[in-house]
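In what follows, a single structure is set out as structure tokens and then discussed.
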Amino acid sequence: VEGLSPVERVNPEWSCGRVFSDASHIIDLFLYLIDSKPVSISAESIKPNNIDLFPTDNFTFQICFSDGSIASFVLSSIGSVEAGFERMELNFDKTTIICDDLIDLKGYGENNSFHEVSRRPDLGYYDLFNDFFDGLIENPRRIPVTYQRMLMVEKLSIIIDNLIFMG
């Protein structure tokens, strides 16, 4: 993650809430891209024996969807800074999409190969606010993200966070 120093990667002050601060936007992206109902979730905290880390310093989760799609996410602060901090993988319809640190996006599969690299992570805030304000002008009742999806992201984030802390 751009701007995150090696000290901040393992500083407990920055560790709390990483599911909500770093992974919830990926959960939302999974829901948007897959557009199917989650049916199961698994999550694990990666705990090296020789390093004292907060459970959300290193974790992985996987969500299985009703259409058979699987989305997985890994957040790690124990590896090399050069390898990145967040990794997302989506597997669906003979296609795989891999995104590292919201900077490097690669696609593999039938008629869906692409590779994009950005200098900075784009969390979509600019587009979200533009859509919101355009909606206020055009149709005050339209919101860019449905209330149901917001609730689902919140529920999934809470479940994943609880699973990580339960071990």
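So how do Val19, Val153 rank on accessible area, 1.4 Å probe, biggest first, that is with the largest at the start? List each step's numbers first, then the result.
Numbers: Val19 0, Val153 20 Å².
Per-residue accessible area, sorted high to low, gives Val153, Val19.
Between Lys47 and Asp67, 0.36 nm times their residue separation minus their Cα-Cα distance comes to what?
Working: separation 20, 0.36 × 20 = 7.20 nm, distance 3.21 nm.
Taking 0.36 nm per residue and subtracting the Cα distance, the gain is 4.0 nm.
For labels at Ile159 and Leu33 in the simple 7 Å Cα→Cβ model, what's the distance in nm?
Inter-label distance under the simple model: 1.9 nm.
At R0 = 35 Å, how high is the FRET efficiency between Val81 and Thr146 if r is their beta carbon distance? Nearest 0.05 is fine. Mind showing how you got there, number by number?
Working: r = 37 Å, r/R0 = 1.05.
The calculated FRET efficiency here is 0.45.
I need the peptides 94-102, 79-87, 56-64 ranked by packing, meaning the mean over residues of other C-beta atoms within 10 angstrom, with the highest value on top.
Values: 94-102: 16.6, 79-87: 13.8, 56-64: 21.3.
Result, highest mean first: 56-64, 94-102, 79-87.
Assuming R0 = 45 Å, can you tell me the calculated FRET efficiency for the pair Met166 and Ile98, based on Cβ-Cβ distance, to the nearest 0.05?
Details: r = 28 Å, r/R0 = 0.63.
Between Met166 and Ile98 the formula returns 0.95.
Rank by packing, highest mean first: peptides 129-137, 70-78, with packing defined as the count of other Cβ atoms within 10 Å averaged across residues.
Numbers: 129-137: 11.8, 70-78: 19.3.
In decreasing order of mean packing, 129-137, 70-78 become 70-78, 129-137.
The values are calculated or read from the model by the stated rules, or taken from the named source; none is laboratory data. From a predicted model like this one, the values you see are computed outputs, not experimental measurements. Please note: Cβ atoms are built from the backbone with ideal geometry, for glycine as well, and neighbour counts cover all protein chains shown. Keep in mind that these areas ignore ligands, DNA and RNA; they rest on the heavy atoms of the full protein, side chains included. Shrake-Rupley method; radii C 1.70, N 1.55, O 1.52, S 1.80 Å.
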